[in-house]
Amino acid sequence: MNDIVINAVLSLSALGVAAAVILYFVAQRFKVIEDPRIDQVNELLPGANCGGCGYAGCRQFAEAIVKNESLEDMNCPVGGDESMKEIASLLGLEVEEQLKMIAVVRCNGTFNNAPEKVQYDGPASCEFEHNLAAGSSGCPNGCLGLGDCVESCNFDAIYINDERGIPEVSEKNCVACGACVEACPRNIIELRPKGKKDRRVFVSCVNTEKGGPAKKNCSVACIGCGKCVKTCPFDAITMENNLATIDPEKCKLCRKCAPVCPTGAILEANFPMRKPKEGQEQSDKPVDKQIELKHTTTVLMYPEVPKPAKKAAPKKDTPNDTQKQSKTDQGGKEA
Amino acid sequence: MNLFTVSGSPHVHEDRSVRNLMLGVVLAMVPAILVSVYFFGLGAIRVILISVAACLLFEYLIQKYVMKTGPTINDGSAIVTGVLLAFNVPSNLPIWILIIGAFVSIGIAKMSFGGIGKNVFNPALVGRVFLLISFPVQMTSWPKPQPITAGFVTDTVTGPTPLGILKEGLDAGKTVSQIEPELPSYVEALIGNHGGSLGEMSAIALVLGAIYMLARRIISWHIPTAYLGSVLIFSGIFWMIDPTHYVDPLFHLVTGGLMLGVFYMATDYTSTPMSAKGMLVFGAGAGLLTMIIRFWGAYPEGVSFAILIMNAFTPLINRAFKPKRFGEDVKNG
Amino acid sequence: MNLKTFKIGGVHPEENKLSADKEIEVFPVPKKVYIPISQNLGAPSKPVVNKKDQVKAGQLIAKGEAFISANVHSSVAGTVSKIDKVIDQSGYKRDTIIIDVDGDEWDESIDRSEEINRDITHLEPDSIIKKLGEKGIVGLGGATFPSHVKLMVPEGKTAETLIINGVECEPYLTADHRLMMEKGEEMLIGVSILMKGLKVDKAYIGIESNKPDAIAHISNLAQKFKGIEVYGLKVKYPQGAEKQLIKALTGREVPSGKLPIEVGCVVNNVGTAFSVYEAVQKNKPLMERVVTVTGKELPKPSNFLVRIGTPVSELVEKAGGLPESTGKVVSGGPMMGKALTSLEVPVIKGTSGILVFPARVSKRVPMQHCIRCGKCVTACPMGLEPYLLSQLAQKERYEGAEDERIMDCMECGSCHFTCPSGRPLLDYIRLGKNKVGQMIRNRGK
């Protein structure tokens, strides 16, 4: 009986020792020499593996940083400046402060603004619908609302508002990794600087059609009228392919462009509401209308422009234009 | 006026749904149900109804309270599982055992894998094998068939199955010709007048249902043909070598759960291969395993185990036996 | 009769050939036509007319300049009102020449007589190819591949057999059937011209056995033509697919990823053969085509000879008007056609039919879990595993999908058609094909 116990203990111990020795030599033989700083840098990264830096994951990013010995064009959008500064001090490098960015959805084609003209029936994939047809509203550039962006987001930062049918970006969660920008087949989402006090002004439309056809499908489309371009005192707005774009670097957030937009396509984020001036008729002056959002703390608003058909045109320069637009607007409703 | 619908092609769909297919299977089992009622009376009805009801209930409860997904009990797959489980047990099985079987079938073999379409093993067979191992006595006391005269209680006289008689005899050192008088005749076996589980009684009734399923293209011919073929060939070879110890192939065809297994359980969609080649391999393998268990295994019957073992190989078979691609390795003469 | 067919896969959709015995009606010239400048596979053509230009029917209005492109001709006489973006079948906007119709004056060079011109002895292959290119002939089966390009056999390959597709395996459609019945002889002359253009001495015409009258009629006429054989084919979808038809008629299998010329075959549609006849013998460009307008609840299913560019709404009006119940309108057949977003789209060279579905059948059947029944595998005519491909595409495992030969899929729709769980297999496979295609193209860079 004792023999058995002793034999068993001895043979198992011998086995263990033998295995340890083999393992030791194997480990020596196949040792990978790695810069210890890679591990250290990796520690400082958030570990989200989102790919927002342009590398496959945090580890690859860390390797690249250590290898390049430079932080130029290297940025981790998730960790932000804090992480980058820590990495810089660890490696004794310089780092430029990056603008804080956020994903912005440049479409306001909600169920109300861009009513359904055909029903789409198929898999919940924007990309598929995009390849199949122009979309249920008929706008060839508008949001399809099937949530490819939501699917792509690793940070719980973008959601489809089911009452509006378009996505909303969470101010808090978005790290500007750019996954949704990639995922959107219609290039509606773009990364823009978060702005001072999180305030931003942007054209919420990417439709490149001419005014009439664009307006036919969506009441808040950019119709390429150019009023905002003329209004902007800082030359921050450019018009290309019937579409206005606000350059965030030039924009001084003066809020002059939004009230002149006849369709309300320019949206303002996180500004205080304009107050109607006393003594003035309310219909004379644009009044801010807040868009009700569900999944974000962002306050989105647009100045509602009084209908020109109901009263004398406030601006004399383009009476014909406005009349035409109101006509196409009605035509759109009938169709 | 309706809004136009826009969707990808095709714009027409075959008039067939999962529910439609499952109810087709149930319909195909009606002849076998009738035969079992004829031989076992109300006891058979009791077992079938309770089994179906328990399967449906478990599927519903698990889906509602555990998985919290949309209900799939409307698709009829639980009914098929219920009837098949009932077919695989003796008609006098105590109700509580039957309910445990239904729980194992639905709860463990089907829902814990994720529900319909995701189970690896045939749920009814898992339930049956579980019961066979856990309750060997109750599961192997088959009541003697008593055409219609029997009342509600049928467990008065019990007797072994033909395969049981054969196995016992051979183990006792007898030859086939010595055992033969105790065995039912082929006619009896075809009609179903012998001991056995509820649904495996009548080969004719089962084949009748199978023809219906084949005609409606609910099942394809591949698995049954390969299965029956390999059983015939394998048992035939041994019968020709040594007829004193191996009974003739026809006997193997008509007895035990072979017909039931071949047409109703080896053709289960989810747990069997998808390509024609894979199905043939699956059938042949199951046939071979059935005969190996029947000849040399501890159990007289091997269909359930054979199918379950082949179920485990299904993913591998799917990977190894791809359908013949069009335009691959072409030899144009 | 010994019927031929292909071996792997295939399905049997309900045939519903409602307009099979409706003679081809000449559709009146519309008031306005919309002629997209890109109607064929390949590069778009370039407009050669300007706003306010007067055009005659048959006049060149857009020139195909790339190797794979085709000329576009005016189908009416009138004034070019503008060249603008107009929605196409999918709702996207394409450059389109809009012409206001004025009278019906045809280009003088077109022979408008009814007389059949049987003399093809003087034709040379080169002149045939040139003529087809000039007259903008494209494949009328649906893919709209320019016909003159098809006749240019690449170096190192030889064409042995011309295959003429009279299968019309898509349910509902009857345009080719009626054409064979009414213009059989012209079509056969067209076949002879194509044979000459390809320098081959045999042509097989495949017709499915649900058109026994067409088989009899064409077989009868074909006796007068040398080298043309007519075969009846078993009714099975997708028999009209190029590769499947070649397999059925010759037993040869086009290797994966290759063109039919690899096995010495060139496939053309009967409609194409007829327009080849018109182009070569009558000097008439491709400016009209036969379109089946049909649907179970449409009052008058019909076959129309329509000028290219006619709005679909006018066709539907002529066929009895859109029923109140309509929920979907499809351009092409029910298996491979495209759902229209609006009726205000023009008939183009590839439009073989307009199908009107009532709302109650226009929606997809509700999707359920895959039960792994393998019916899609059995149905796939390319021997693929649609369930696997759609799963791989859904999980974005595109390399795996490529290894499983997703690019072999020809999008016939048999898998989705047969799936008892109503899964949109083809939709996901299409998505996957798109991605894998991009991947392959990027690799080439």
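Key figures
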| read-out | value |
| --- | --- |
| Net charge of neighbours whose Cβ lies under 12 Å from the Cβ of C:GLY321, counting Lys and Arg as +1 and Asp and Glu as -1 | -2 |
| Members of C:LYS7/C:LYS243; C:LYS395/C:LYS433; C:LYS236/C:LYS300; B:LYS118/B:LYS277; B:LYS324/C:LYS243; C:LYS82/C:LYS318 lying beyond 18 Å, as alpha-carbon distances in this model show | C:LYS236/C:LYS300; B:LYS118/B:LYS277; C:LYS82/C:LYS318 |
| Normalised contact order of segment A:149-250, rounded percent, pairs of Cα under 8 Å and 6 or more residues apart | 18 percent |
| Sequence of B:LEU170, B:LEU49, B:LEU258 from largest to smallest accessible area, 1.4 Å probe | B:LEU49, B:LEU170, B:LEU258 |
| 222 nm mean residue ellipticity, helices alone, for chain B (DSSP H n ≥ 4; -39,500 (n - 2.57); rounded to 500) | -16500 deg cm²/dmol |
| Using θ = phi - 60° and Karplus 6.51 cos²θ - 1.76 cosθ + 1.60, couplings along segment C:211-227 (whole Hz; Gly, Pro as x) | 10, x, 5, 5, 4, 5, 4, 5, 4, 4, 5, 5, 4, 7, 9, 7, x |
| At most 15 other Cβ within 10 Å, DSSP loop - GluC sites (Glu not before Pro), segment C:364-445 | C:GLU396 |
| Among beta bridges that DSSP assigns inside the protein assembly as shown, antiparallel share in %, nearest 5 | 70 percent |
| Helix-derived mean residue ellipticity, 222 nm - over chain C, DSSP H n ≥ 4, -39500 (n - 2.57), to 500 | -8000 deg cm²/dmol |
| Hz values of 3J(HN,Hα) by residue in segment A:50-56 - Karplus curve (6.51, -1.76, 1.60), Gly and Pro given as x | 7, x, x, 7, x, 10, 5 |
| Net dipole in debye of chain B [+1 Lys, Arg Cβ; -1 Asp, Glu Cβ; about Cα centre; nearest 20] | 1040 debye |
| Within segment A:57-120, GluC sites (Glu not before Pro) in DSSP loop having at most 13 other beta-carbon neighbours inside 10 Å | A:GLU69, A:GLU72, A:GLU94, A:GLU96, A:GLU97, A:GLU116 |
| Student exercise, chain C dipole from Lys, Arg, Asp, Glu Cβ charges, in Debye to nearest 20 | 1300 debye |
| Largest to smallest accessible area among A:SER11, B:SER304 [probe 1.4 Å] | A:SER11, B:SER304 |
| Cβ-placed point charges (K, R +1; D, E -1), dipole of chain A about Cα centre in debye, nearest 20 | 2040 debye |
| Positive-end extreme of charge dipole, the protein assembly as shown - chosen from A:MET101, B:THR175, B:SER197 (charges on Cβ) | A:MET101 |
| Amide hydrogen neighbours beyond the local backbone of C:LYS202, cut-off 5 Å, H modeled | C:LEU162 |
| Filtered GluC sites (Glu not before Pro), segment C:1-108: DSSP coil and at most 11 other beta carbons within 10 Å | C:GLU14, C:GLU23, C:GLU65, C:GLU108 |
| Averaged over C:352-365, number of beta-carbon atoms from partner chains that fall within 10 Å | 3 |
| For residues of C:374-380, the mean tally of beta carbons on other chains within 10 Å | 6 |
| Among A:SER204, A:SER89, A:SER13: highest mean-square fluctuation, GNM of chain A, C-alpha pairs under 10 Å | A:SER13 |
| Accessible area of B:ARG216 in the full protein assembly, 1.4 Å probe (Å², nearest 10) | 90 Å² |
| Amide H partners (placed H, <5 Å) of C:VAL267, local residues excluded | C:ILE163 |
| Averaged over B:268-274, number of beta-carbon atoms from partner chains that fall within 10 Å | 5 |
| Area buried, chain B against chain C - accessible surface, total, 1.4 angstrom probe, square angstrom | 4600 Å² |
| Built amide H within the under 5 Å cut-off of B:ARG325, gap 5+ | none |
| Eligible lysines near A:LYS196 by straight Cα distance, threshold 20 Å, same-chain separation 8 or greater | A:LYS100, A:LYS172, A:LYS250, A:LYS252, A:LYS256 |
| ³J(HN,Hα), Karplus 6.51/-1.76/1.60, whole Hz, each residue of segment C:238-243, x for Gly, Pro | x, 5, x, 6, 2, 5 |
| Within straight-line cross-link reach of B:LYS144, aspartates and glutamates at Cα separation under 17 Å, skipping those fewer than 8 residues along the same chain | B:ASP155, B:GLU182, B:GLU188, B:GLU200 |
| Residue with peak Gaussian network fluctuation, chain B [Cα springs, cutoff 10 Å], from B:ILE97, B:ILE106, B:ILE79 | B:ILE97 |
| Antiparallel bridges, percent of DSSP beta bridges restricted to chain C (to nearest 5) | 60 percent |
| Part-to-part distance (alpha-carbon centres) for segment B:291-310 and segment A:103-146, which is given in Å | 57 Å |
| Of A:ARG200, A:ARG255, A:ARG29, the one that fluctuates the most in a GNM where chain A has Cα springs shorter than 10 Å | A:ARG29 |
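The values are calculated or read from the model by the stated rules, or taken from the named source; none is laboratory data. Just so it is clear, the structure is predicted and the values come from calculations on it, not from any experiment. Glycine also receives a Cβ, built like all others from the backbone with ideal geometry; neighbour counts cover every protein chain displayed. The area values use the complete protein model at the heavy-atom level, side chains included, leaving out ligands, DNA and RNA. Shrake-Rupley method; radii C 1.70, N 1.55, O 1.52, S 1.80 Å.
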